[in-house]
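Undergrad: To start, I am sharing the structure in question, which I have written as structure tokens.
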Amino acid sequence: MLEYIYRLVRYRAYWVIGVVLVLVALVLAYIFPFPIRSSLMDLLPQNDPLIEEYKRREETVNSTQYLTVVLSLEADGGLQKAEKEERLLKLAGVIEPLLSEIPEIESVNYRAEASIPEKYELLYSLNDETLGKVRSLEADLESFFREFDSGSEGFALEDPYGDLRSRFQELEAGDGVSEERLMDLLDRLGARNETVLAGLGSIERLDEWEKRLDTLMGEFREVRQRRKETLGGRYFSPDGNTLLMRARPSHPESHNIKFSRKLTDAARAAVREARRSQVFKSGDYEIDLTGSFVTNAERNSALRVDMLRTTIISSVAVMIAFFFALGSLFYSALVALPLIVAVLFALGWAKFSVGGFNLLTTFLPALVLGLSIDYGIHLLFRFSEERLAEHSVSEAIKITIMKKGKGIFIAALTTAAVFTTLIFSRSQGLVEMGIITSLGIMISFLVYLFLLPALIISFQRWRRRKRAVELFDYRDKLGYVVDKSLKYGKSLLVVSAILSILALVGALQLDFQFTSNSVSTEVESVRVQERVQNNFGSSDMTIGPSFVFFPDSLEEMEKLESGLGGIDIVNSIRSLRDYLPEDLGAARETTDRLEQLKKLDGSLAGLEGILKNRKSHVEELEGLIGDLSSAQLTSTLSSRSRTTVRLNELIDQLLEIRAELLGLDRAAKLETIRGLRHHLEYLEEGIAPLEGIFSDGVGEDLVEALPEKVRSTLTTEAGEYVVFAGVEKSIYESENLNRFVSQASRLSEDYFGLPLIQYKLEGHIRHDFIVSTTLAVLMISLLLYRGISSIKLSLLAVIPLVVGYLWMLGGMKLMGMNFNFINIIISPLLIGIGVDDGLHLIYRWREESDRDGLIDSILSAFSRTGLAVVTTSITTIVVFGSLFLARTPGLRILGGTALLGIGFAMVLSLTVLPAALYLAFSRNEK
């Protein structure tokens, strides 16, 4: 195969270059625009239950997704709160029509759109405080109005004596009245008098009850007003310095990057237009954008910038490193051309295979640069070495392909195999990285194996160049390092072992910190969001992380909210209970007892009738007194002393009632009674609609009393209730998130929140880390043994990898770094890169050992191929060093981790490996 490749590039060099150029043109036309997905959702397995849960709950979860425009007064100039709010409202009036013109925006508002249904006003007036006062008032009113109750006999308060007077007249018209029947009627009249006297005596207290009811009605209004502000109030901060405008997008999925970018760009254009208005220029205003749509768009843009910046910087840095390593601008440019082709092909493969990059694969262009260049450097150094040995261009190309081809093929295959293990990961992000990188590495290898020799031959033919291009010769310097390593080999190995043990101790203390802040890009909208959270505190206006729970009943909701309230990291809870009485059971009992007030209203109506017709009632009393006086005279003449005495008592009572009735301030008392009846009428009218709501249980049909805007957000079509729990931004710290999930899971199994994606990813990544590393070790071991055919040499080849990995972990501990979503992939990455160094050196030593002794072959192999190893390591370090300039924290940490691992592997390859190789075969030498 290698012979065939040589013949192809030797005799069909122009054809090879032409085919590559055609493929490059096709790839360029295909990859633009290149998709990049910055959502954590894209990192989860496609069949993960959390994704299925999100799809099932998508409408509810996305119902609170807005593009938020933050209007702020930078300097209030000592203005009152009302004045500041008025100014911000003027600015909002400028921006609102601009935002409404955006096709991607469905509606814009800066106040809540819901209002209290008129017939349920009473329900929205009840809270714990007013419920307590209603219960107290009910008990006192019932006790007070019981004085008007005539007992089991019953009488009409508006005509308290009509029935008794008629009965008395019937007795008088009869043939004769027994004393027993007359005394019975008189006793009934006496009881009636006592009731009326008690009522008249208490009528002075009506003013007190009217005041209490007035106070209660005022408190009802205050409670309703607070809930009205919650339902329909403007989104002002407590100090009046900030106003939020919420734009509801027509497409609620914030993880749709294309839509988020389009929406954000349009909103920014609207903000720029608003800043040119006279209203904005007249004050010290600031306008910012935030919300998940803006954040995702900004992070996606930042990732694109990071990808382009790191690719450009790493490319330039690699070219500079080439020049200092090779000493030739010609060869530096020559080796860069296949590199560019390899990167383009990798991008094309990424878009074709997995639809672009995700959060984890954004840095892959820089990775391909770092890995692919190794093959070009090894080929170029060997070609230059053969040219300096007086071989012709064709002969040098042939020796390079035949001698070096197998070595770089095994190196590429092992690296690709390492990344192939990622395909068996749970995380979709790592699976996509495995798919892209495994084949991308082999594509890069093939590009260099075909294109670089073809370019060299074509250029030599074109220039008719016979003289070899000399590269900088660092072999003496490398030979010195290797010689010292051989001289102090045992001491070097002991020191390395001690350092490795110390590094292992540090490595065992490393942790997996899956804080999203260490992964996600630092963008302006996140800082705006934090400012909004600080300004609005823990109200339902916060726009930070949250969870959504789905209780099936109000009892379950009450228990859930009680449990959530005991979790420290929860800063706000929102549900339909925010608009209704806290104690729904007490509300039901209170409304049941309020039914009794209808009877009290009847008593007040009778009393009102007496006062309205006081003259006729006084005349009726006087008539009754006259009747009783006639009966008294008859009784006296008939010598019925007991009856006479009783009649005298009753006449005195009636005279007292007449005096009390005439002494009342009729107009004032009527006004008081009308006020009382008005309040009772309000309560009766408010109770009526609640009868259906509370008829089948404790408020299970309360959704009927909710405004439509609230109902659509806080209930589901399946009849479930919705509870939103806002949490502190520290939820993204692994320890806090794990503790919250543990606590929340004890309260409910049916809940969702975007932080759960991180929680799931943590479990998947931990699993994938172990699985991919284990599989990588097994595959590397198998490939090394098959490629080298020696267990001893295979073990020696992985020394730089194993020790370098341990030292990297120890270095991470010393530098205070931990594993996160992104740098956890350093394991397969370092395995792939680290094993290449040892593999190339072992292959070259076996080639040299056939001609020279042990020490000379080690010195020759490591000083010659060592130069290529150093160059490839430095270029890879340069590539990952460019990640320090990325805005994404995770990429910067990845860069630091990779520098440690690759740097240690390079140093160990040129020091510990030759010492170990000598000690392993020195006995054979003797």
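Undergrad: Of all residues in region 736-751, count the ones that are touching a helix residue (DSSP H, G or I) at 6+ places or on another chain (Cβ under 9 Å), part of a helix (DSSP H, G or I) and either open to solvent by 20 Å² or more (accessible area, probe 1.4 Å) or farther than 19 Å from Asn571 by Cβ (or both).
TA: 5
Undergrad: Another question about this same structure. Taking the conditions exactly as written (touching a Lys or Arg at 6+ places or on another chain (Cβ under 6 Å) and under 16 Å from Leu793 (Cα atoms)), does Ala916 satisfy them or not?
TA: no
Undergrad: A further question follows. May I ask you to verify whether Arg892 is without any contact (Cβ under 8 Å) to a residue 12 or more places away in the chain and either of a type in the set (Lys, Arg) or open to solvent by less than 30 Å² (accessible area, probe 1.4 Å) (or both)?
TA: yes
Undergrad: Name the residue, out of Lys351, Lys398, that is closer than 19 Å to Arg844 by Cα and either open to solvent by 20 Å² or more (accessible area, probe 1.4 Å) or out of contact with any Phe, Trp or Tyr (no Cβ under 7 Å at 6 or more places or on another chain) (or both).
TA: Lys398
Undergrad: Might you check whether a residue that is in contact with an Asp or Glu (Cβ under 8 Å, 6 or more places away or on another chain), assigned to a helix (DSSP H, G or I), of a type in the set (Val, Ile, Thr) and surrounded by 24 or more Cβ atoms within 10 Å (Cβ to Cβ) occurs anywhere in region 876-889?
TA: Checked against the condition, which is being in contact with an Asp or Glu (Cβ under 8 Å, 6 or more places away or on another chain), assigned to a helix (DSSP H, G or I), of a type in the set (Val, Ile, Thr) and surrounded by 24 or more Cβ atoms within 10 Å (Cβ to Cβ), region 876-889 yields at least one hit.
Undergrad: Which one is farthest from Gly218 (Cα to Cα), of the residues in region 102-137 that are under 29 Å from the mean Cα position of the chain (by Cα) and open to solvent by 60 Å² or more (accessible area, probe 1.4 Å)?
TA: For region 102-137, the residue satisfying everything is Pro103.
Undergrad: Of all residues in region 619-629, which are of a type in the set (Gly, Ala, Ser) and in contact (Cβ under 8 Å) with a residue 12 or more places away in the chain?
TA: Gly623, Ser629
Undergrad: List the number of the failed condition for Leu899; all other conditions in (1) in a loop (DSSP other than H, G, I, E, B); (2) touching a residue at least 12 places away in the same chain (Cβ under 8 Å) hold.
TA: Among (1) in a loop (DSSP other than H, G, I, E, B); (2) touching a residue at least 12 places away in the same chain (Cβ under 8 Å), Leu899 violates only (1).
Undergrad: List, please: which pairs have Cβ atoms under 7 Å, are six or more places apart or on different chains, and start with a residue in region 113-137 that is among the aromatic types (Phe, Trp, Tyr) and at pLDDT 70 or above and end with one that is assigned to a helix (DSSP H, G or I) and open to solvent by 20 Å² or more (accessible area, probe 1.4 Å)?
TA: Qualifying pairs under 7 Å: Tyr124/Arg224.
Undergrad: Right, next: Among all residue pairs at least 6 apart or on different chains, which show Cβ distances below 6 Å where the first residue, located in region 793-813, is under 14 Å from Gly903 (Cα atoms) and modelled with pLDDT under 90 and the second is crowded, with 24+ Cβ neighbours inside 10 Å and polar (S, T, N, Q)?
TA: As it stands, the answer is Pro800/Ser909, since those pairs meet every condition given.
Undergrad: The conditions are (1) at pLDDT 80 or above; (2) surrounded by fewer than 18 Cβ atoms within 10 Å (Cβ to Cβ), and Asn534 fails exactly one of them. Which is it?
TA: It fails just one condition, (1).
Undergrad: Pull up region 843-858, narrow it to residues that are of a type outside the set (Lys, Arg) and assigned to a loop (DSSP other than H, G, I, E, B), then point me to the one that is most open to solvent (accessible area, probe 1.4 Å).
TA: Asp850
Undergrad: Being open to solvent by 60 Å² or more (accessible area, probe 1.4 Å) and touching a residue at least 60 places away in the same chain (Cβ under 8 Å) is the filter here, so list the residues in region 631-675 that pass it.
TA: Arg640, Arg642, Glu649, Glu656, Glu660, Arg674
Undergrad: While we're looking at this one, here's another question. Scan region 703-735 residue by residue and report those that are open to solvent by 30 Å² or more (accessible area, probe 1.4 Å) and of a type in the set (S, T, N, Q).
TA: The answer is Ser712, Ser730.
Undergrad: Looking at region 752-821, what helices (runs of 4 or more DSSP H) fall wholly within it and have at least 3 residues that are within 28 Å of Asn738 (Cβ to Cβ)?
TA: Once the helices (runs of 4 or more DSSP H) in region 752-821 are filtered for at least 3 residues that are within 28 Å of Asn738 (Cβ to Cβ), what remains is 755-788, 799-814.
Undergrad: Please list, ordered by residue number, the helices (runs of 4 or more DSSP H) wholly in region 194-311 having 3 or more residues that are more than 30 Å from Arg614 (Cα to Cα) and without any contact (Cβ under 8 Å) to a residue 24 or more places away in the chain.
TA: Of the helices (runs of 4 or more DSSP H) lying wholly inside region 194-311, those with at least 3 residues that are more than 30 Å from Arg614 (Cα to Cα) and without any contact (Cβ under 8 Å) to a residue 24 or more places away in the chain span 206-232, 257-275.
Undergrad: Can you tell me which residues in region 6-19 are among the aliphatic types (A, V, I, L, M) and surrounded by fewer than 19 Cβ atoms within 10 Å (Cβ to Cβ)?
TA: Leu8, Ile17, Val19
Undergrad: Quick one: in region 560-577, which of the residues that are among the charged types (D, E, K, R) and not in a helix (DSSP H, G or I) is least open to solvent (accessible area, probe 1.4 Å)?
TA: Selected residue: Arg574.
Undergrad: From the list Leu289, Leu339, which one is over 30 Å from Pro45 (Cβ atoms), surrounded by 22 or more Cβ atoms within 10 Å (Cβ to Cβ) and under 29 Å from the mean Cα position of the chain (by Cα)?
TA: Being over 30 Å from Pro45 (Cβ atoms), surrounded by 22 or more Cβ atoms within 10 Å (Cβ to Cβ) and under 29 Å from the mean Cα position of the chain (by Cα) holds for just one of Leu289, Leu339, which is Leu289.
Undergrad: Now for a different question. Go through (1) in a loop (DSSP other than H, G, I, E, B); (2) in contact with a Lys or Arg (Cβ under 7 Å, 6 or more places away or on another chain); (3) modelled with pLDDT of 75 or more and name the single condition Leu79 misses.
TA: (2)
Undergrad: Restricted to region 300-325, and to residues that are at pLDDT 75 or above, of a type outside the set (A, V, I, L, M) and open to solvent by 60 Å² or more (accessible area, probe 1.4 Å), which residue is nearest to Ala336 (Cα to Cα)?
TA: Arg309
The values are calculated or read from the model by the stated rules, or taken from the named source; none is laboratory data. Note that this is a predicted model, so its numbers are computed, not measured. Glycine gets a Cβ as well: all are built from the backbone with ideal geometry, and neighbour counts include every protein chain shown. Note: accessible area is taken over every heavy atom of the protein model, side chains too, but ligands, DNA and RNA are not part of it. Shrake-Rupley method; radii C 1.70, N 1.55, O 1.52, S 1.80 Å.
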